[in-house]
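Engineer: After the structure tokens below, expect a handful of questions from me.
The values are calculated or read from the model by the stated rules, or taken from the named source; none is laboratory data. Just so it is clear, the structure is predicted and the values come from calculations on it, not from any experiment. FYI the Cβ positions are ideal-geometry reconstructions off the backbone, even for glycines, and counts take in every protein chain you see.
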There are 2 protein chains.
Amino acid sequence: MVHKTDIEIARAADKKPIQEVGARLGIGADDLLPYGHDKAKVTAGFIAGLADRPQGKLVLVTAINPTPAGEGKTTTTVGLGDGLSRIGKKTAICIREASLGPCFGMKGGAAGGGHAQVVPMEEMNLHFTGDFHAITSAHNLLAALIDNHIHWGNALGIDQRRVAWRRVMDMNDRALRDIVCSLGGVANGFPRETGFDITVASEVMAILCLASDLSDLERRLGDIIVGYTRERAPVTARDLKAEGAMTVLLKDALQPNLVQTLEHTPAFVHGGPFANIAHGCNSVIATTTALRLADYVVTEAGFGADLGAEKFMNIKCRKAGLSPAAVVVVATIKALKMNGGVAKDALGAEDVAAVEKGCANLGRHIENVKSFGVPAVVAINHFAGDTEAEIAAVKAYAAGQGSEAILCTHWAEGGAGAEALAERVVALAEADHHGFAPLYPDEMGLFQKIETIAKRIYRADAVLADKKIRDQLHAWEDAGYGDLPICMAKTQYSFSTDPNLRGAPTGHSVPVREVRLAAGAGFVVVICGEIMTMPGLPRVPSAEAIGLNDLGQVEGLF
Amino acid sequence: MVHKTDIEIARAADKKPIQEVGARLGIGADDLLPYGHDKAKVTAGFIAGLADRPQGKLVLVTAINPTPAGEGKTTTTVGLGDGLSRIGKKTAICIREASLGPCFGMKGGAAGGGHAQVVPMEEMNLHFTGDFHAITSAHNLLAALIDNHIHWGNALGIDQRRVAWRRVMDMNDRALRDIVCSLGGVANGFPRETGFDITVASEVMAILCLASDLSDLERRLGDIIVGYTRERAPVTARDLKAEGAMTVLLKDALQPNLVQTLEHTPAFVHGGPFANIAHGCNSVIATTTALRLADYVVTEAGFGADLGAEKFMNIKCRKAGLSPAAVVVVATIKALKMNGGVAKDALGAEDVAAVEKGCANLGRHIENVKSFGVPAVVAINHFAGDTEAEIAAVKAYAAGQGSEAILCTHWAEGGAGAEALAERVVALAEADHHGFAPLYPDEMGLFQKIETIAKRIYRADAVLADKKIRDQLHAWEDAGYGDLPICMAKTQYSFSTDPNLRGAPTGHSVPVREVRLAAGAGFVVVICGEIMTMPGLPRVPSAEAIGLNDLGQVEGLF
């Protein structure tokens, strides 16, 4: 059988007008702001009118620790959504928007794959509805206002050496990581060291994704700490009177985007915060809107369950009052083999022992998910080379953990290939455990929260942090930030902070290098290891191969 | 009589669905890509199908040298468009998109004013349909590819000291004018001096506005000179294989935007190149599309006629094969008084003598316009304080020049206030002079072209340029760029290069400070005086007052 490529499948899609997609959820044409014929924003006015509606059931798709073999989390999110639609459930999916920058570095889209895709795929990987550009503008307006304030007399007494707000660009551009700005003389301000991050790393992105409405957005933007005085008193965006103009720049971006899967399941694609220095989930406003319109909402979180699901539960669900009904942990035979110690170039051969060994990673994620009081099911995202024996090994392992592993073929077959998973998810969700609780209470100390995550999720023995870091955490507690949740930034490749330690390591410790206060987003970022906030381009960027073909179609982007 | 503010009038607008606006020009709903309910892009496919249609008549609105008193060029463009619609002509207007950056510095929109506005005004002054963001992305992708190429071995031998391509941002941010990038060690590349311009100053913006279609766009992008080798050989975007990906980023932006005036005249709002280092007109593709759909197309060009009309004729019309049928020169009584030597705070009192003196400026613009073989009419954009005697003085002066000055009240009365102007424009256009010709032939030498503009338009005695500049021009001629037109960058406030020399100066000379080759846009920029390509914010930026009111409406932007 000759498989079509993702882009060939996407181009052949029989898209419905976006008004028909909205109608499946009861959204009228007047409540949609169309962007072309296949994309729309759902108006803030319509969303405000939904506040009293009951919410449907929320299903999180997460995964084992990622490997270069790929897991297919978005693909499974889409497949499960279509599977739920097929078995008669009114379903919506909620995923993140793609960052433009990486598209020109390494190939790879963010709209699923095979027959489990969201369309229009090309536009989702380019400008889409402009949300990230709006975030870039709002972020950089604040940056310009900071330097402008200093230039015109610095009435707030901002210490130029302690400006904490960098600039952003939705581009992979290593040359902008570290710069000196304001050179060239008096008219250009005071020279200082600074730099650019990629837009998805902006605190404005995290804020947009956690805000409940425009006034909450404006309040959070005002809370952003842009730097400190010589006396180390924080200076906020509100002190610069920046939050109103930033809100104006973001008013359209806050409205969630509606598109569709290949099988016409409504898909909200909105927001895309980094999964390391931010929480890595689509927007709260998209998720809560979907929950008020659909019986089932399938969403995903970034990286593996140790990072993505943990933050989804402890940050997003806690703050938005969400209660997930079931969790799907995605695994592939190849990724389990890699977690079992097989090298990437040896994944082709059957190796049941390696699969079994790699299942330790899967097992720990299942256990962790259950510790939040939410039932878990494993989705084996099927690849052509998987053998019966390997699949049987995973099924047996999951059963031994009091869970279940279900083989899914949505990549090749669309929603039909995820019907069994959909049935199982419905059974779990309708059992209605009502057991969800975050891992730690708001009132726990900040350092104790870090320890709780490290010990209960990562299974580390200890958290290592020097006095300066502990003092900083105490100072934030004294300043009233002690009730914030923790946003861990560590490698996604391991439960530990060592990316090469696959499987289910124990006996390790978690060294904290740095802590940052994201007062607008409302979390404390805890950095354990090297975190890249501005990627670079590779030796041969995919940009070189990207272009329009003679039909005006985009080539080389995927 | 209490006048409503611009924003009050705009909010009270009775907008028609954009499909109805398109239908007035015969554009079907399927040929429009809607952005909300009141904005749309006209599809490239529809435009391609218009190639064989006859073109309507093109009317340029230009002005006397601008003063702080304001002239109302866009307001008159809109008023004339509505006036032509009222007298039964199938009309479209073509204006530029607004830059986001300045909105947060000084108040002021770019959608006309009073009862002669284009709507939705707020969105036009914010993100609109995202064109400028797309240009920013395409520009900065090229910048990232340059530094990435150098980082990975610099096979093309780009001299890091001779990188000519800066980065851009649609923001007023003086701190980015001069920077050192790539600091921080080996992983971040080779440190070098560079900086940011505002997006409207990007050569990509000029290219988008001059391209006839996607393949012409791609060719022009490839022609961009990004820098030079140590041997001073040019390195182009094509050498970096950048033009394909840049074209992909710009494919939607190249499709013109359709909106409407308060009186529902279709308005194409597309592109917005700087009027100093670029040519300052809306896109060729919007103008030619409008001409194939309407009997009359009213457009404008940046700054006064010495800069705007000259470039419109010698760059845009020459390159796009356009032939303007009539030119409207906008003047106000106050601006004429300022050109006649009155200070800004003394403009309130009647001063017929000053008006008469200032008319010398108007007269020279009329003469210049006629020298292109196009008939000219003067529009007096009426302000409440203008006296009968002052208006009579302008009318008498214009008559003495073999032209006519018509009092227009579109600001207060909409299209009805510009009907007399519309009738006169139709009479001039239908007389069909067929006399249009650019000022100089393609094959004239580059320096001779500069002299021709300086002597015939600015009425200077001489052009001053040192040997280095003349040698550079000769080198470009030898390299095959000799047939390009000239894009003058000088002060807009005077015919001369001294901004304080109002009226109609003679005996001055034009010193050329620098010349730049915009090989993609297809012109040679000649810089005479200080040219700001990245504005700063004022002491109290308007951003501080911008915000959403309780109704969710934007306040403080205008």
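Yes or no, residue by residue, for (1) over 20 Å from residue B:296 (Cα atoms); (2) in a loop (DSSP other than H, G, I, E, B):
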residue	(1), (2)
B:323	no, yes
B:342	yes, yes
B:380	yes, no
B:384	yes, yes
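Engineer: Identify all residues within the range A:1-21 that are under 22 Å from residue A:253 (Cβ atoms) and either within 14 Å of chain B (Cβ to nearest Cβ) or in a loop (DSSP other than H, G, I, E, B) (or both); write none if there are none. Outline the logic, then answer.
Structural biologist: Going through the range A:1-21, the residues under 22 Å from residue A:253 (Cβ atoms) turn out to be A:18-19, A:21.
Listed by number, the residues that qualify are A:18, A:19.
Engineer: Another question, then. Is the range A:239-256 home to any residue that is part of a strand (DSSP E or B) and either more than 24 Å from residue A:66 (Cα to Cα) or among the hydrophobic types (A, V, I, L, M, F, W, C) (or both)?
Structural biologist: In the first step, residues of the range A:239-256 are kept if they are part of a strand (DSSP E or B); the result is none.
No, the range A:239-256 contains no residue that is part of a strand (DSSP E or B) and either more than 24 Å from residue A:66 (Cα to Cα) or among the hydrophobic types (A, V, I, L, M, F, W, C) (or both).
Engineer: Looking at (1) within 19 Å of residue A:557 (Cα to Cα); (2) surrounded by 24 or more Cβ atoms within 10 Å (Cβ to Cβ); (3) touching a strand residue (DSSP E or B) at 6+ places or on another chain (Cβ under 7 Å), find the lone condition where residue A:82 falls short.
Structural biologist: (1)
Engineer: Still on this model: For the range A:478-529, name all the residues that are among the charged types (D, E, K, R) and either in a loop (DSSP other than H, G, I, E, B) or in contact (Cβ under 8 Å) with a residue 40 or more places away in the chain (or both). Give the derivation first.
Structural biologist: Let us first name the residues in the range A:478-529 that are among the charged types (D, E, K, R), namely A:478, A:483, A:490, A:498, A:502, A:513-514, A:516.
A:483, A:490, A:498, A:502, A:513, A:514, A:516, listed by residue number.
Engineer: Same structure, new question: Can you run down the residue pairs with Cβ atoms below 7 Å, 6 or more apart or on separate chains, where the first is in the range B:296-323 and over 19 Å from residue B:201 (Cβ atoms) and the partner is among the small types (Gly, Ala, Ser) and surrounded by fewer than 24 Cβ atoms within 10 Å (Cβ to Cβ)?
Structural biologist: Listed by first residue and then by second, the contacts come to B:296/B:56; B:297/B:56; B:317/B:323; B:319/B:522.
Engineer: Is it true that some residue in the range B:298-320 is in the same structural domain as residue B:63 (by TED's automatic domain parsing), in a loop (DSSP other than H, G, I, E, B) and more than 19 Å from residue B:497 (Cβ to Cβ)?
Structural biologist: No, every residue in the range B:298-320 fails to be in the same structural domain as residue B:63 (by TED's automatic domain parsing), in a loop (DSSP other than H, G, I, E, B) and more than 19 Å from residue B:497 (Cβ to Cβ).
Engineer: Which residue is nearest to residue B:531 (Cα to Cα), if the candidates are limited to the range B:195-221 and must be hydroxyl-bearing (Ser, Thr, Tyr) and either part of a loop (DSSP other than H, G, I, E, B) or within 9 Å of chain A (Cβ to nearest Cβ) (or both)? Explain how you work it out, then say what you get.
Structural biologist: Initial filter on the range B:195-221 (hydroxyl-bearing (Ser, Thr, Tyr)): B:199, B:202, B:212, B:215.
Filter again for either part of a loop (DSSP other than H, G, I, E, B) or within 9 Å of chain A (Cβ to nearest Cβ) (or both), leaving B:202, B:212, B:215.
Working: B:202: 14, B:212: 28, B:215: 32 Å.
Residue satisfying both the conditions and the ranking: B:202.
Engineer: Which numbered condition in (1) touching a Lys or Arg at 6+ places or on another chain (Cβ under 6 Å); (2) within 14 Å of chain A (Cβ to nearest Cβ) is the only one that residue B:254 fails?
Structural biologist: Just one mismatch for residue B:254, condition (1).
Engineer: I've got another one for you. Any residue that is touching a Cys at 6+ places or on another chain (Cβ under 9 Å) and hydrophobic (A, V, I, L, M, F, W, C) - is there at least one of those in the range B:157-176?
Structural biologist: Within the range B:157-176 (the criterion being touching a Cys at 6+ places or on another chain (Cβ under 9 Å) and hydrophobic (A, V, I, L, M, F, W, C)), the answer is yes, since at least one residue qualifies.
Engineer: Filter the range A:159-194 down to the residues that are more than 33 Å from the chain's Cα centre (by Cα) and not in a helix (DSSP H, G or I), then identify the one that is farthest from the other protein chains (Cβ to nearest Cβ). Before you say what the answer is, go through the steps one by one.
Structural biologist: The initial filter retains those residues of the range A:159-194 that are more than 33 Å from the chain's Cα centre (by Cα), namely A:159, A:182-191.
So of that shortlist, the ones also not in a helix (DSSP H, G or I) come out as A:159, A:182-185, A:189-191.
Working: A:159: 16, A:182: 4, A:183: 4, A:184: 3, A:185: 8, A:189: 5, A:190: 9, A:191: 9 Å.
In this case the residue turns out to be A:159.
Engineer: Same structure, new question: Only one of (1) polar (S, T, N, Q); (2) under 30 Å from residue B:265 (Cα atoms); (3) in contact with a Leu (Cβ under 6 Å, 6 or more places away or on another chain) fails for residue B:199. Which number is that?
Structural biologist: Only one criterion in (1) polar (S, T, N, Q); (2) under 30 Å from residue B:265 (Cα atoms); (3) in contact with a Leu (Cβ under 6 Å, 6 or more places away or on another chain) is unmet by residue B:199, namely (3).
Engineer: Looking at A:367, A:356, which is the one that is part of a helix (DSSP H, G or I) and under 30 Å from residue A:3 (Cα atoms)?
Structural biologist: On the way: A:367 fails: under 30 Å from residue A:3 (Cα atoms).
Unique residue meeting the criteria: A:356.
Engineer: Looking only at the range B:228-257, count every residue that is at positive phi and either crowded, with 24+ Cβ neighbours inside 10 Å or at pLDDT 95 or above (or both) and tell me the total.
Structural biologist: Going residue by residue through the range B:228-257, those that are at positive phi are B:232, B:241.
Restricting the remaining residues to those that are either crowded, with 24+ Cβ neighbours inside 10 Å or at pLDDT 95 or above (or both) gives B:241.
Here the count works out to 1.
Engineer: Now a separate question. Hey, among the residues in the range B:85-111 that are in contact with a strand residue (DSSP E or B) (Cβ under 6 Å, 6 or more places away or on another chain) and under 18 Å from residue B:283 (Cα atoms), which one's surrounded by the fewest Cβ atoms within 10 Å (Cβ to Cβ)?
Structural biologist: Kept after step one, since they are in contact with a strand residue (DSSP E or B) (Cβ under 6 Å, 6 or more places away or on another chain), are these residues of the range B:85-111: B:85, B:89, B:91-95, B:97, B:101, B:111.
With under 18 Å from residue B:283 (Cα atoms) added as a condition, the list becomes B:91-95, B:97, B:111.
Working: B:91: 30, B:92: 29, B:93: 33, B:94: 29, B:95: 29, B:97: 24, B:111: 27.
The extreme case among them is B:97.
Engineer: So which helices (runs of 4 or more DSSP H) are wholly in the range B:25-106 and hold at least 2 residues that are under 22 Å from residue B:333 (Cα atoms)? Let's see the steps before the verdict.
Structural biologist: Values: elements: B:44-48, B:73-86, B:100-103.
Those helices (runs of 4 or more DSSP H) span B:73-86.
Engineer: Sticking with this structure for a sec: Taking the range A:278-299 only, how many residues are touching a helix residue (DSSP H, G or I) at 6+ places or on another chain (Cβ under 6 Å) and of a type in the set (A, V, I, L, M, F, W, C)?
Structural biologist: Matching residues across the range A:278-299 total 5.
Engineer: Okay, moving on. Give the residues of the range B:97-136 that are under 22 Å from residue B:252 (Cβ atoms) and among the aromatic types (Phe, Trp, Tyr), sorted by residue number.
Structural biologist: Once the filter is applied, which keeps residues that are under 22 Å from residue B:252 (Cβ atoms) and among the aromatic types (Phe, Trp, Tyr), the range B:97-136 yields B:128, B:132.
Engineer: Mind listing whichever residues of the range A:150-179 are touching an Asp or Glu at 6+ places or on another chain (Cβ under 9 Å) and small (Gly, Ala, Ser)?
Structural biologist: A:157, A:175
Engineer: What residue, among those in the range B:230-251 that are under 23 Å from the mean Cα position of the chain (by Cα) and of a type in the set (A, V, I, L, M), is nearest to the other protein chains (Cβ to nearest Cβ)? Walk me through how you get there before you give the answer.
Structural biologist: First pass over the range B:230-251, keeping only residues under 23 Å from the mean Cα position of the chain (by Cα): B:246-247, B:249-251.
Among the residues that remain, those that are also of a type in the set (A, V, I, L, M) are: B:246, B:249-250.
Numbers: B:246: 9, B:249: 7, B:250: 10 Å.
That would be B:249.
Engineer: Within the range B:328-383, work out how many residues are in contact (Cβ under 8 Å) with a residue 40 or more places away in the chain, of a type in the set (Gly, Ala, Ser) and surrounded by fewer than 22 Cβ atoms within 10 Å (Cβ to Cβ).
Structural biologist: Qualifying residue count, the range B:328-383: 6.
Engineer: Name the residue, out of B:439, B:421, that is modelled with pLDDT of 95 or more and either farther than 30 Å from residue B:115 by Cα or outside the structural domain of residue B:116 (by TED's automatic domain parsing) (or both).
Structural biologist: Values: B:421 fails: either farther than 30 Å from residue B:115 by Cα or outside the structural domain of residue B:116 (by TED's automatic domain parsing) (or both).
Among B:439, B:421, only B:439 is modelled with pLDDT of 95 or more and either farther than 30 Å from residue B:115 by Cα or outside the structural domain of residue B:116 (by TED's automatic domain parsing) (or both).
Engineer: So is residue A:379 modelled with pLDDT under 95, assigned by TED's automatic domain parsing to the domain that holds residue A:345 and either aliphatic (A, V, I, L, M) or closer than 11 Å to residue A:331 by Cβ (or both) or not?
Structural biologist: Numbers: modelled with pLDDT under 95: no; assigned by TED's automatic domain parsing to the domain that holds residue A:345: yes; either aliphatic (A, V, I, L, M) or closer than 11 Å to residue A:331 by Cβ (or both): yes.
Here the answer is no, as residue A:379 does not meet what is asked.
Engineer: Give, as residue ranges, the helices (runs of 4 or more DSSP H) completely inside the range B:399-458 that count at least 1 residues that are touching a residue at least 24 places away in the same chain (Cβ under 8 Å), β-branched (Val, Ile, Thr) and surrounded by 16 or more Cβ atoms within 10 Å (Cβ to Cβ).
Structural biologist: Values: elements: B:410-413, B:419-431, B:446-456.
Result: B:419-431, B:446-456.
Engineer: Here's another thing I want to ask about it. Can you tell me which of (1) within 14 Å of chain B (Cβ to nearest Cβ); (2) surrounded by fewer than 18 Cβ atoms within 10 Å (Cβ to Cβ) is the one residue A:478 doesn't meet?
Structural biologist: Unmet condition: (1).
Engineer: Out of the residues in the range A:521-541 that are farther than 18 Å from residue A:198 by Cα and not β-branched (Val, Ile, Thr), which is surrounded by the fewest Cβ atoms within 10 Å (Cβ to Cβ)? Working first, answer last.
Structural biologist: The first filter runs over the range A:521-541 and keeps only residues farther than 18 Å from residue A:198 by Cα, leaving A:522-524, A:526, A:528-529, A:539-540.
Cutting the leftovers down to not β-branched (Val, Ile, Thr) gives us A:522-523, A:528-529, A:539.
Details: A:522: 21, A:523: 26, A:528: 24, A:529: 16, A:539: 9.
Filtering the range A:521-541 for residues that are farther than 18 Å from residue A:198 by Cα and not β-branched (Val, Ile, Thr), the one surrounded by the fewest Cβ atoms within 10 Å (Cβ to Cβ) comes out as A:539.
Engineer: Another one. Can you name the condition, by its number, that residue B:100 falls short on among (1) within 17 Å of the chain's Cα centre (by Cα); (2) within 13 Å of chain A (Cβ to nearest Cβ); (3) at pLDDT 95 or above?
Structural biologist: Of everything listed in (1) within 17 Å of the chain's Cα centre (by Cα); (2) within 13 Å of chain A (Cβ to nearest Cβ); (3) at pLDDT 95 or above, residue B:100 misses just condition (3).
Engineer: What is the residue count in the range B:43-77 for residues that are among the hydrophobic types (A, V, I, L, M, F, W, C) and surrounded by fewer than 21 Cβ atoms within 10 Å (Cβ to Cβ)?
Structural biologist: Restricting attention to the range B:43-77, the residues satisfying the condition of being among the hydrophobic types (A, V, I, L, M, F, W, C) are B:44, B:46-48, B:50-51, B:58-61, B:63-64, B:69.
Filter again for surrounded by fewer than 21 Cβ atoms within 10 Å (Cβ to Cβ), leaving B:44, B:46, B:48, B:50-51, B:69.
Qualifying residue count, the range B:43-77: 6.
Engineer: Separate question: Tally the residues that are part of a loop (DSSP other than H, G, I, E, B) and facing another protein chain (nearest Cβ under 7 Å), restricting the search to the range B:127-153. If you could, list the steps in order and put the result at the bottom.
Structural biologist: First, the residues of the range B:127-153 that are part of a loop (DSSP other than H, G, I, E, B): B:127-130, B:152-153.
So of that shortlist, the ones also facing another protein chain (nearest Cβ under 7 Å) come out as B:127, B:130, B:152.
Qualifying residue count, the range B:127-153: 3.
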